[in-house]
Each structure stands twice: as structure tokens, then as C-alpha cells.
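To start, the structure under review is shown below, and the notes come after it.
The values are calculated or read from the model by the stated rules, or taken from the named source; none is laboratory data. Predicted model, so just to flag it, every value in this text is computed and none were measured. Please note: Cβ atoms are built from the backbone with ideal geometry, for glycine as well, and neighbour counts cover all protein chains shown.
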Amino acid sequence: MNRRLGVLIAFVALASGLLLASALSYPLGSKIAIRDMQDNPQVAIVLGVIFWVCLTLAGSSLAVRMPGGVVVDVAFAPVIAAVSVGGPAAAVWVGLVGTTQGRELRRQVPWYGVVANHCGIMAPAILSAFAMQWIQRVFTLLSFPSSLSHIVDFVATVGGAAIYFLLNVLITSAVISLRDGDSVAKQIRTSGGAYLSMLALAPVAWLMAQMYVTAGWWAVLLFAVPLYTTRLAYRRFVEVREMFTETVSSLAEAVDKRDKFTSGHSHRVQEIAMDIGRAMKVSDVELEALEWGGLLHDIGKIGVPDSVLLKQERLTREERATMNAHPVLGAEIIAPVKHLAAELPIIRHHHEWFNGSGYPDRLVGDEIPKLARILHVADAFEAMTAARPYRMTPLTPEQALVELRKFGGIQFDPNVVDAFVRTRWARGLSDPGRDESRDVPLIGQAAGAIAGLSAGTTSSGAAT
Ligand SMILES: [Fe+2]
Ligand SMILES: [Fe+2]
């Protein structure tokens, strides 16, 4: 845990502690009592709290991890409903106990994660309870007719839910951004969509509270079906995405496996490219494009005959042309898949050189899509550090980094190489640093430097 995260967790824990002390000075709202137990009101209230804690626990146990690491569950609805009927004191118990997850009991979450999770729910729940009370007081001051109390309840519940939602998103995003080194704004953008769909459960929470008070605890259980359906929708989304990634992954591996020297190449390129993307702080959409683009970048090799793909000797001019057609062929294969539109430029341009001497379109510098420039560096590093028929002894990572630096501004975007140096792949390697004289991407300037290297091969001679 870094220092800033530690300070934030300490602040959230302290604020939550103060709120907890304040909330427990209020009695539990009488509406939380189980109906039809008038002869023992205290037991009815305690049983009511236990009921809502159990319901929240059930919601928390159905958590789904969304792409990007955000965990969503349907516990939002019972938390807000319990706060609505039980007030600030009920918020303490459902927030503190009801949101316990199986991962916490299995000790898969670090202690500060447990503190952040519970405080990140309890503190907003307590404040939302205060907000509900304030909203109701405002309506009372305005002499709102008591016959319309259900409308007041609805406005108070939805208003309280909005407060809960905002604070919960803020605390969670701040903790995750400090943990992962991202900006809070980016984290909110990433998780906002998932959380927003949770806010849609606010009217359901109000209805649960109404049913509990008017019909009894059993009527609340009827909401299990729509809440489970909501959870199922989250799960389906994740499953479809996983299935898509696995299919793309298998396809990439099938292409790589045609050549025993390139087995696993696309997966490693994907990992390196995504790490460079993170170092360059690309958006999540771009990171996803690197994920799938990394896997599929050499998909066009499907159309390269074995006699060329597996040839151990130097390729003839015609064979080289066949080999060099794979980015265009790959883009043509993927073009009909609408969902992979963002990956097309990566696939087509991953062999463009920064100085314009690559292929297929001889783009120069920033004309080459940024993600393709990232993939090119990842592709070259992987190829240089793996055995190939024309170079059975791979370069060491240190030697490969020297090559990346040497050809920065010629073959590679020097900014991307700078970002590569900040990834785990370059950790501990001695870095020769950037040669500033090569930063201007002119074909003429670079022509001498690349003389002797065949077009379309990396600096170390690795065709990938
Ligand atoms: Fe390639
Ligand atoms: Fe490749």
C-alpha cells in the first residue's frame, strides 16, 4: 500500500468512525420492526435489522466483477431500503455487517481493502439516512399534506440513494485510482456506467421499503427475482465478453502454432502492448483495442502459405511480398466484425516504420495510428527476445532494449520506447537512453541508418 492510499484509508476510516458514533446515538427506526410482533417491540426491531442484514449479505454474495475491475452487486437496493425504514442506526449494521463478501472471509482481500469496502458503504449509507431525514423535514416545514406521505417517502429515498451513490463512487474511485496509479476522473469514467445502472435500483429500494412496512417481510422476498435477473444481466455481459476474448485468443494461438517458433507470440505481444498502453495512460477503450488487437495483429498470416511462413532460409523478393501482405489480409479478415472496428488500424499498420519506410501504406510519424506504433514496439521486443529460425539464440532483454533505443525515431516512435522503458519488461535493464538526434522522422535522415536492413524487418532482423 502506498503512502497516499494509506492517508486516504485512514481519513475514510476516521470519518466513518465519527459518523458511526453519531448514527448510533439515534434509535433504530420503528418501521424496521417485523410486523405482527407488537407484544415484543424490541425483539421485533432486532429481528428486522437481522432480516435486512441477511438480505444485504445475499445481495453482496452475488457480486460480479466487471471489465476494468469494478465489482457490482445488487446489495444497493436492500441497503437503501433498510436505511429508509431503519434510519442512521440501521445504516451502520447493514453497511458494516451486511456488505461482507466471501472473498473477505477467504482472506483474498487485503485489510485495507476490507476497511475501504465497508467504510465506503457504511459512511455513504449513514449520510444518505441523514439526507432522507432532512428531506422529510423540509416537506414537513412546507406543510405537505400527510395524505401524500408516500410521495415524500419516495423523494426522500431516491434523494438519499443519490447521496449514497455519489459518495460511494467517489470513495471507491479514489481508493482504486490511488492503488492503481490512475486519475480519479478516469476511474469514475471507467466505473460510472456500471454504477449508474445500480442507481436505477433506487425506485426498487423504495418499493421494497413500502412492501416491508405495509405487507411484511415476506413480501420483500418477492424482489429476489428482479434483483437476481439484474445480477444475471451483469453476469451475462461479463460472460459474453469473456467468451469473445477466449475465441479471439484461440484463433490467435491457432495462427501462432503453425510455426513452432511463434507459439504464444500474440499473447506475449498483447501483454507487452497493454503494459505500454498503461504506461502511456491510454483510455480504457484504447486499452481494450490493444488487448484484442495484440491477439489478432498477425491473423493475416492465415493466408501465408507454409512454404513461405515456415521457410528457414532467406525469403526471395516474391516470398517477402507474400509475407508482407499479412497486415492487409488481416485487416480484410477482421473488417466484417463490427465489434473489432477499433482494432483494424492496429492490424493494418503494425509494420509501419516511424520514418515512413514500413508497410503497407508507408505512413510517417503521427500518421501511423498511436496504437499501431505501440504494438510495433511490443511486437519487435517479443520477436527479438524469442528464438527464430534465422536467429536461434534470442537477444537478451537488455540487447533488445538497445535495439529499440537505436532505432527510436527510425523504426519506432521514441515516445513509445520511452513508455516501454517504464514497464515491467524493462525493469532492472540498463537503458542507453534516447538519441535525440533521431527524433525527426525523415526518410532521408534515416536512410543511411537502415541501409543493410531489409524493409519490413525489425532492427534485429525479426519478421513478425
Ligand atoms: Fe506482423
Ligand atoms: Fe507479430
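Numerical summary
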quantity	calculated
Sole residue being outside any helix (DSSP H, G or I), in contact (Cβ under 8 Å) with a residue 12 or more places away in the chain and not assigned by TED's automatic domain parsing to the domain that holds residue 177, chosen from 282, 248	282
Residue ID - modelled with the highest pLDDT, chosen from residues in the range 264-318 that are of a type in the set (S, T, N, Q) and more than 16 Å from ligand 2 (Cβ to nearest atom)	316
In the range 334-347, the residues that are away from ligand 2 (no atom under 13 Å from the Cβ) and buried (at least 17 other Cβ atoms within 10 Å of the Cβ)	334, 340, 343, 344, 345
Matching entry among 289, 252, 279 (being in contact with a Ser or Thr (Cβ under 6 Å, 6 or more places away or on another chain), more than 15 Å from ligand 1 (Cβ to nearest atom) and of a type in the set (A, V, I, L, M, F, W, C))	279
Single residue of 401, 363 found to be more than 14 Å from ligand 1 (Cβ to nearest atom) and farther than 27 Å from residue 340 by Cβ	401
Candidates 325, 383, filtered to the one that is farther than 27 Å from residue 426 by Cβ and within 15 Å of ligand 2 (Cβ to nearest atom)	325
Conditions (1) polar (S, T, N, Q); (2) closer than 18 Å to residue 53 by Cα; (3) modelled with pLDDT under 85: number failed by residue 183	(2)
Residue, nearest to the chain's Cα centre (by Cα), within the range 348-360, restricted to residues that are surrounded by fewer than 20 Cβ atoms within 10 Å (Cβ to Cβ) and away from ligand 1 (no atom under 15 Å from the Cβ)	356
Hits in the range 285-339 (condition: free of Cβ contacts under 8 Å to residues at least 24 places away in the same chain and in a helix (DSSP H, G or I))	287, 307, 308, 317, 318, 319, 321, 322, 338
Single unsatisfied condition, residue 339 versus (1) closer than 19 Å to residue 287 by Cα; (2) within 14 Å of ligand 1 (Cβ to nearest atom); (3) out of contact with any Asp or Glu (no Cβ under 7 Å at 6 or more places or on another chain)	(2)
Matching residues, the range 3-39, being touching a residue at least 40 places away in the same chain (Cβ under 8 Å), of a type in the set (Gly, Ala, Ser) and under 24 Å from residue 117 (Cβ atoms)	6, 13, 15, 16, 22, 23
Residue check for residue 144: of a type outside the set (S, T, N, Q), within 26 Å of residue 37 (Cβ to Cβ) and modelled with pLDDT under 90	no
Complete set of residues in the range 107-149 that are in a helix (DSSP H, G or I), free of Cβ contacts under 8 Å to residues at least 12 places away in the same chain and of a type in the set (Ser, Thr, Tyr)	140, 146, 147, 149
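Conditions tested, residue by residue: (1) part of a helix (DSSP H, G or I); (2) buried (at least 21 other Cβ atoms within 10 Å of the Cβ); (3) among the aliphatic types (A, V, I, L, M).
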site: 383; (1), (2), (3): yes, yes, yes
site: 394; (1), (2), (3): no, no, no
site: 416; (1), (2), (3): yes, yes, yes
site: 429; (1), (2), (3): no, no, yes
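A quick yes/no check of all residues on (1) within 16 Å of ligand 1 (Cβ to nearest atom); (2) closer than 30 Å to residue 62 by Cβ:
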| position | (1), (2) |
| --- | --- |
| 224 | no, yes |
| 229 | no, yes |
| 243 | no, yes |
| 247 | no, yes |
| 260 | no, no |
| 266 | yes, no |
| 274 | no, yes |
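Residue by residue, here is whether (1) closer than 19 Å to residue 215 by Cα; (2) assigned to a helix (DSSP H, G or I); (3) assigned by TED's automatic domain parsing to the domain that holds residue 164 holds:
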{"position": "21", "(1), (2), (3)": "no, yes, yes"}
{"position": "37", "(1), (2), (3)": "yes, no, yes"}
{"position": "46", "(1), (2), (3)": "yes, yes, yes"}
{"position": "96", "(1), (2), (3)": "no, yes, yes"}
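For every residue, the table says whether it meets (1) touching a Phe, Trp or Tyr at 6+ places or on another chain (Cβ under 7 Å); (2) surrounded by fewer than 24 Cβ atoms within 10 Å (Cβ to Cβ).
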position: 15; (1), (2): no, yes
position: 28; (1), (2): no, yes
position: 38; (1), (2): no, yes
position: 41; (1), (2): no, yes
position: 46; (1), (2): no, yes
position: 51; (1), (2): yes, yes
position: 76; (1), (2): no, no
